[in-house]
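Okay, structure first, notes after.
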Amino acid sequence: MLQVFLLRDLLRTEDLYVGVGDKLIIESINMRVGYGEVVSILGPNGSGKSTLLRALAGFPKTRVFKGSIYFENKDITYMDPVERCRLGISLMHQNPPRLRGVRIRVLLDKILSREIKSLVDREREINRVAEALEIKHLLDREFGYGLSGGEIKRVELATVILQRPRLALIDEPDSGVDVDSLFIISSAINNLVKEDSGLVLVTHTGGVARYINISRAYVMISGKIVAEGSGNDVFNKLFSEGFKAFVR
């Protein structure tokens, strides 16, 4: 089975141009994610990383001007986000929406109810993930309210994990979190990727790279990919020289 996975990419983009409204933000994006890979997109703030991630997820506010997005060789360029979710594409937001009156436990149960009919089995799975992310004490809180930066990230990651995605899109997991939360988040991300799935991780600090085995990395500056390479090579260069090392 693994040999079949190696014959093609899980995700690829071809000459992708994306913006919001009439404003072009990213251009000529060619990237790929193989089966079993963690691929990082890194760059300074405002370089278009989150716009790219939203385009991959099918956010309605993003507009594809040109190019294509393929998931398992299927053209999903203009597919709506609900259909992409059904294919197994899941997004962890950098700043997740707050849901007044919705308890975290109820939201997680709703996610699981699509595939697991037994309430007992759903509760068991919620507790398993909550323990791994150390959010069990938060399950009866409202989603997004009264939580620290690290707690919000861990709760949001729980919603992704419980969807059992084929492709997880993780936006800035290391932004605004302490070292303890970063370690917990990184461990969960490492466990999320299987041989038949993949993950795209966006970062501008690179802090998460110290804890996650990143297969390959793309550097984005001013809406363009300016460099790519192995995770180790790209992040070592970033940590020693900063983003200026990638400016042509």
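The values are calculated or read from the model by the stated rules, or taken from the named source; none is laboratory data. This one's a predicted model, so the numbers in the text were calculated from it and none came from an experiment. Cβ sites come from the backbone with ideal geometry, for glycine too, and all protein chains shown count toward neighbours.
Starting from region 232-248, keep only residues that are under 13 Å from P44 (Cα atoms), then list their pairs with residues that are small (G, A, S) whose Cβ atoms are within a distance under 6 Å, requiring at least 6 positions of separation or different chains.
L238/G206; F246/A227
Mind checking whether some residue in region 205-217 is at pLDDT 95 or above and buried (at least 22 other Cβ atoms within 10 Å of the Cβ)?
yes
For region 84-101, how many residues are touching a residue at least 12 places away in the same chain (Cβ under 8 Å) and under 18 Å from the mean Cα position of the chain (by Cα)?
So the answer is 12.
Among S90, S68, S50, S40, which is the only one that is of a type in the set (S, T, N, Q), under 30 Å from D233 (Cβ atoms) and surrounded by fewer than 17 Cβ atoms within 10 Å (Cβ to Cβ)?
Working: S90 fails: surrounded by fewer than 17 Cβ atoms within 10 Å (Cβ to Cβ); S50 fails: surrounded by fewer than 17 Cβ atoms within 10 Å (Cβ to Cβ); S40 fails: surrounded by fewer than 17 Cβ atoms within 10 Å (Cβ to Cβ).
Residue meeting the stated conditions: S68.
When you check K224 against the structure, is it farther than 30 Å from E125 by Cα and without any contact (Cβ under 8 Å) to a residue 12 or more places away in the chain, yes or no?
When the stated conditions are applied, K224 does not pass them.
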